[in-house]
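A.B. asks: Mind looking over this structure? Questions follow.
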Amino acid sequence: MIKPLADRVVLEPKMAETKTASGLYIPDTAQEKPQQGTVVAVGPGKKDEPMELKVGDLVLYGKYAGTEVTVDDKKYLIVRQSDIMAIL
């Protein structure tokens, strides 16, 4: 598993919608990048900025935030705590 450092957080992004409410399928090229994810690991925080998130939180993050990594065929996103806009 990934262990983030400082104020970084590892997220498992929510999957993009593949079908509309009316039943039409959305092609991969037209799918929007999801902006929600579940926290799977947190760093210890910084001296002047304690970690406010915990594992299992559902969060909303910026559209272009973080770095995507793949571990064991699963995609994760590593972001700074400041890139997370809200806990849902």
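A.B. asks: Summarise the accessible area of the chain (1.4 Å probe, protein heavy atoms) by the percent that is carbon and sulfur.
C.D. replies: Details: 3350 of 6230 Å².
Here carbon and sulfur together make up 54 percent of the probe-accessible area.
A.B. asks: So which of 3/54; 3/46; 19/63; 3/47; 19/54; 33/75 end up more than 25 Å apart by C-alpha?
C.D. replies: Values: 3/54 13 Å; 3/46 15 Å; 19/63 21 Å; 3/47 18 Å; 19/54 31 Å; 33/75 13 Å.
As for pairs spanning more than 25 Å Cα to Cα, those are 19/54.
A.B. asks: Roughly how many nanometres apart are two label points built 7 Å out from the Cα toward the Cβ at residue 72 and residue 2?
C.D. replies: The modelled label-to-label distance comes out at 1.4 nm.
A.B. asks: Going through the range 33-77, which trypsin sites (Lys or Arg not before Pro) have at most 10 other Cβ atoms within 10 Å and a DSSP loop state? Could the numbers behind the result be given before it?
C.D. replies: Values: sites: 46, 47, 54, 63, 74, 75; in loops: 46, 47, 54, 63.
In loop regions of the range 33-77 (DSSP not H, G, I, E or B), the sparsely surrounded trypsin sites (Lys or Arg not before Pro) are 47, 54, 63.
A.B. asks: When Rg is the radius of gyration of the Cα atoms in the chain and Rh is its Kirkwood radius, what does Rg/Rh come to?
C.D. replies: Working: Rg = 14.3 Å, Rh = 13.9 Å.
Looking at the chain, the ratio lands at 1.03.
A.B. asks: To continue, here is another question. Within straight cross-link reach of residue 14, meaning Cα distance under 17 Å, which aspartates and glutamates are found once same-chain residues fewer than 8 apart are removed?
C.D. replies: Cross-link targets: 28, 32, 57, 68, 73, 83.
A.B. asks: Here's something else I'd like to know. With springs only between Cα atoms under 10 Å, which of 21, 65, 41 fluctuates most in a Gaussian network model of the chain?
C.D. replies: Fluctuation is largest for 21.
A.B. asks: Here's a follow-up. I need to check one value: relative contact order of the chain, counting alpha carbon pairs closer than 8 Å and at least 6 residues apart, in percent. Don't skip to the end; give the middle numbers.
C.D. replies: On the way: 176 pairs, mean separation 29.4, N = 88.
Contact order relative to length: 33 percent.
A.B. asks: Still on this structure: About the Cα centre, and with charges only on the beta carbon of Lys, Arg (+1) and Asp, Glu (-1), how big is the dipole of the chain? Nearest 20 debye, please. Mind dumping the intermediate values first?
C.D. replies: Working: 12 positive and 13 negative charges, 18 e Å.
Around 80 debye, computed over the chain.
The values are calculated or read from the model by the stated rules, or taken from the named source; none is laboratory data. As the structure is a prediction and not an experimental result, all values here were calculated from the model. FYI the Cβ positions are ideal-geometry reconstructions off the backbone, even for glycines, and counts take in every protein chain you see. SASA here: full protein model, heavy atoms, side chains in, ligands and nucleic acids out. Shrake-Rupley method; radii C 1.70, N 1.55, O 1.52, S 1.80 Å.
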